[in-house]
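Heads up, the thing below is written out as structure tokens.
The values are calculated or read from the model by the stated rules, or taken from the named source; none is laboratory data. Computed from a prediction, not measured in an experiment: that's the story for all the values here. Please note: Cβ atoms are built from the backbone with ideal geometry, for glycine as well, and neighbour counts cover all protein chains shown. Keep in mind that these areas ignore ligands, DNA and RNA; they rest on the heavy atoms of the full protein, side chains included. Shrake-Rupley method; radii C 1.70, N 1.55, O 1.52, S 1.80 Å.
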Amino acid sequence: QVQLVESGGGLVQPGGSLRLSCASSTSISSLNAVGWHRQVPGKQRELVAHIQISGTRGYADFVKGRFTISRDFAKNTVDLEMNNLKPEDTAVYYCNARKAWSSYWGQGTQVTVSS
């Protein structure tokens, strides 16, 4: 069982930055992949960024050049650095981890981009 806890969400003005963290109860080096997803009410959850156990990263087109996913092995977190935020980035952001054949989700953290 892997428990994930997201933090770092909040209210930010357009053009601003936030850093989200996903803390894992299991060593992040043992996770096959970790992804950040987001969801707005009435819409499907969508993948924002992911990082594989090899370190390979992937991003959705709508965040390329603005968001960066990284692993902090000292803190045992997977972080999402978000820059140049736009109102359309407003959503609940969820962390997802895959380990062996199982998938785990955190409870989510709200990000609101508004002036």
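Do we find that ARG71 is within 15 Å of THR109 (Cα to Cα) and touching a strand residue (DSSP E or B) at 6+ places or on another chain (Cβ under 7 Å) in this structure?
No.
Restricting to segment 15-41, and then to whatever is β-branched (Val, Ile, Thr) and not in a strand (DSSP E or B), can you tell me which residue is surrounded by the fewest Cβ atoms within 10 Å (Cβ to Cβ)?
Restricting attention to segment 15-41, the residues satisfying the condition of being β-branched (Val, Ile, Thr) are 26, 28, 34, 40.
Okay, now just the ones that are also not in a strand (DSSP E or B), so 26, 28, 40.
Numbers: THR26: 15, ILE28: 20, VAL40: 13.
This residue is VAL40.
Condition first: aliphatic (A, V, I, L, M) and surrounded by 22 or more Cβ atoms within 10 Å (Cβ to Cβ). Now tell me which residues in segment 70-84 satisfy that.
Looking only at segment 70-84, we keep the residues that are aliphatic (A, V, I, L, M), and these are 74, 78, 80, 82.
Across segment 70-84, the qualifying residues are VAL78, LEU80, MET82.
Can you tell me which condition ASP61 does not meet? The list is (1) open to solvent by 20 Å² or more (accessible area, probe 1.4 Å); (2) acidic (Asp, Glu); (3) under 21 Å from SER103 (Cα atoms), and all the others hold.
(3)
Filter the strands (runs of 3 or more DSSP E) completely within segment 42-115 down to those with at least 1 residues that are among the charged types (D, E, K, R).
46-52, 57-59, 67-72, 77-82, 91-99
Scan segment 70-88 for residues that are closer than 18 Å to SER17 by Cα and without any contact (Cβ under 8 Å) to a residue 40 or more places away in the chain and jot them down.
The answer is SER70, GLU88.
Scan segment 14-69 residue by residue and report those that are of a type in the set (Gly, Ala, Ser) and free of Cβ contacts under 8 Å to residues at least 60 places away in the same chain.
Correct list: SER21, ALA23, SER25, SER27, SER29, GLY42, ALA49, SER54, GLY55, GLY58, ALA60, GLY65.
State whether the residues of segment 94-111 include one that is closer than 19 Å to ALA23 by Cα, within 12 Å of the chain's Cα centre (by Cα) and surrounded by fewer than 14 Cβ atoms within 10 Å (Cβ to Cβ). Please lay out each step first, then the result.
Taking segment 94-111 and keeping what is closer than 19 Å to ALA23 by Cα, we get 94-100, 102-111.
Add one more test, that the residue is within 12 Å of the chain's Cα centre (by Cα), and what stays is 94-97, 105-111.
Filter once more, keeping what is surrounded by fewer than 14 Cβ atoms within 10 Å (Cβ to Cβ): 107, 110.
Yes; the residues of segment 94-111 include at least one that is closer than 19 Å to ALA23 by Cα, within 12 Å of the chain's Cα centre (by Cα) and surrounded by fewer than 14 Cβ atoms within 10 Å (Cβ to Cβ).
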